[in-house]
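The values are calculated or read from the model by the stated rules, or taken from the named source; none is laboratory data. Quick caveat, the model's predicted, so the values are computed rather than measured. We place every Cβ from the backbone using ideal geometry, glycine too, and count neighbours over all the protein chains shown.
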Amino acid sequence: STLLSVNLASLNVSVTYSFRVAIDNFLGGSDAGIATVLIQDDSFPLVSIVGANTQYTDPSRELALFAEDAAGCRAGQGSIILRSWEETTGAIPNLVSGSRRPQTLLLDAYVLNASQTYTFSYTAVNQNNKNTSATVD
């Protein structure tokens, strides 16, 4: 087995790198895949939406979207002081969630229109006033 090591000092923050990994075995079989890595500034909050980047629902059903967040990887980043959701296409200008948990967006049935695409953005801000957002359609 061969170990690939990359000096992080030679990689840039906020840049996505792709590495091709190829494997050959002693029987002559082989396979390959791509490993994608994003170098992230560890002083910013970590934010993600649970589930697929595009989610589908029926207008007659309640919509529930879930976000996860953390203050940051670097020691001493403190805590998240602000969490918010918004609908970025402008279709729902005064977005109000039915959930008391700020990481959960809960919309009642019939708030959304059929055959319309909505984009929801979740933002977390840490005590150093650094923010990160994630979106879902």
Qualifying positions in segment 1-41 - of a type in the set (S, T, N, Q), in a loop (DSSP other than H, G, I, E, B) and within 27 Å of SER84 (Cβ to Cβ): SER14, GLN40
Yes or no: TYR122 in contact (Cβ under 8 Å) with a residue 24 or more places away in the chain, aromatic (Phe, Trp, Tyr), surrounded by 12 or more Cβ atoms within 10 Å (Cβ to Cβ) and part of a loop (DSSP other than H, G, I, E, B)? no
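Results for (1) aliphatic (A, V, I, L, M); (2) closer than 29 Å to SER18 by Cα; (3) out of contact with any Pro (no Cβ under 8 Å at 6 or more places or on another chain), shown as yes or no for each residue.
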{"residue": "PRO45", "(1), (2), (3)": "no, yes, yes"}
{"residue": "LEU95", "(1), (2), (3)": "yes, no, yes"}
{"residue": "ASN128", "(1), (2), (3)": "no, no, yes"}
{"residue": "ALA134", "(1), (2), (3)": "yes, yes, yes"}
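Taking PRO59, is it in contact with a Lys or Arg (Cβ under 8 Å, 6 or more places away or on another chain) and either polar (S, T, N, Q) or modelled with pLDDT of 85 or more (or both)? Show your work before the answer.
Numbers: in contact with a Lys or Arg (Cβ under 8 Å, 6 or more places away or on another chain): no; either polar (S, T, N, Q) or modelled with pLDDT of 85 or more (or both): yes.
In short, no.
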Since ALA35 meets every condition but one in (1) exposed (fewer than 13 other Cβ atoms within 10 Å of the Cβ); (2) of a type in the set (A, V, I, L, M, F, W, C); (3) more than 30 Å from LEU8 (Cβ to Cβ); (4) under 19 Å from the mean Cα position of the chain (by Cα), which condition does it not meet? (3)
Only residues that are in contact with a Leu (Cβ under 6 Å, 6 or more places away or on another chain) and within 30 Å of GLY78 (Cα to Cα): list them for segment 1-59, please. THR16, ILE39
Output yes when any residue across segment 21-32 is surrounded by fewer than 10 Cβ atoms within 10 Å (Cβ to Cβ) and under 30 Å from PHE120 (Cβ atoms), and no when none is. no
Tell me yes or no: at least one residue of segment 97-109 is at pLDDT below 90 and over 26 Å from ASN126 (Cβ atoms). yes
Segment 83-137 - residue that is β-branched (Val, Ile, Thr) and more than 15 Å from the chain's Cα centre (by Cα) and, of those, farthest from SER14 (Cα to Cα): VAL111
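Out of all the residues in segment 69-79, is one or more among the hydroxyl-bearing types (Ser, Thr, Tyr) and farther than 16 Å from SER43 by Cβ?
No.
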